[in-house]
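What follows is a set of notes on a single structure, which appears directly below.
The values are calculated or read from the model by the stated rules, or taken from the named source; none is laboratory data. Keep in mind that this is a model prediction, so the values were computed, not measured. All Cβ positions, even for glycine, are placed from backbone atoms using ideal geometry, and neighbour counts span all protein chains on display. Side chains included, ligands, DNA and RNA excluded: accessible areas come from the protein's heavy atoms. Shrake-Rupley method; radii C 1.70, N 1.55, O 1.52, S 1.80 Å.
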Amino acid sequence: MEKYILTLKGKTYNLLEEQPKFNRLTIKEVFKENSLLYAKCTCDCGNSVDRVLVKSLVTENTKSCGCLNL
């Protein structure tokens with residue numbers, strides 16, 4: 001089993017053991033596809049996001065399921 005360790009701003013996350021939160025999205029599951037790391041997340045509003053790049057969460061390009069744009 002692969003380990004997905006992420007270090008961000010001095011804090012280290014184990015993406016498989018923890019459920020880190022980035023803005024309004026909480027990571028529930030992590031998976032790799034075509035050598036890219038994706039996450040399934042739950043938004044604070046209750047909606048699910050089935051596939052978002054972990055890089056987009058870390059760089060804050062993705063902040064919610066889309067509910068912030070309404």
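The figures follow:
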item: Failed item, numbered, when residue 19 is tested on (1) in contact with a Ser or Thr (Cβ under 7 Å, 6 or more places away or on another chain); (2) open to solvent by less than 70 Å² (accessible area, probe 1.4 Å); result: (2)
item: Of all residues in segment 31-70 being of a type in the set (A, V, I, L, M) and touching a helix residue (DSSP H, G or I) at 6+ places or on another chain (Cβ under 7 Å), the one that is surrounded by the fewest Cβ atoms within 10 Å (Cβ to Cβ); result: 37
item: Residue count for segment 1-16, restricted to those that are closer than 28 Å to residue 69 by Cα and either loosely packed, with under 11 Cβ neighbours inside 10 Å or modelled with pLDDT of 75 or more (or both); result: 1
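Per-residue answers, yes or no, for (1) part of a strand (DSSP E or B); (2) free of Cβ contacts under 8 Å to residues at least 24 places away in the same chain; (3) over 12 Å from the mean Cα position of the chain (by Cα):
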site	(1), (2), (3)
7	yes, yes, yes
29	yes, yes, no
40	yes, yes, no
46	no, yes, yes
50	yes, yes, no
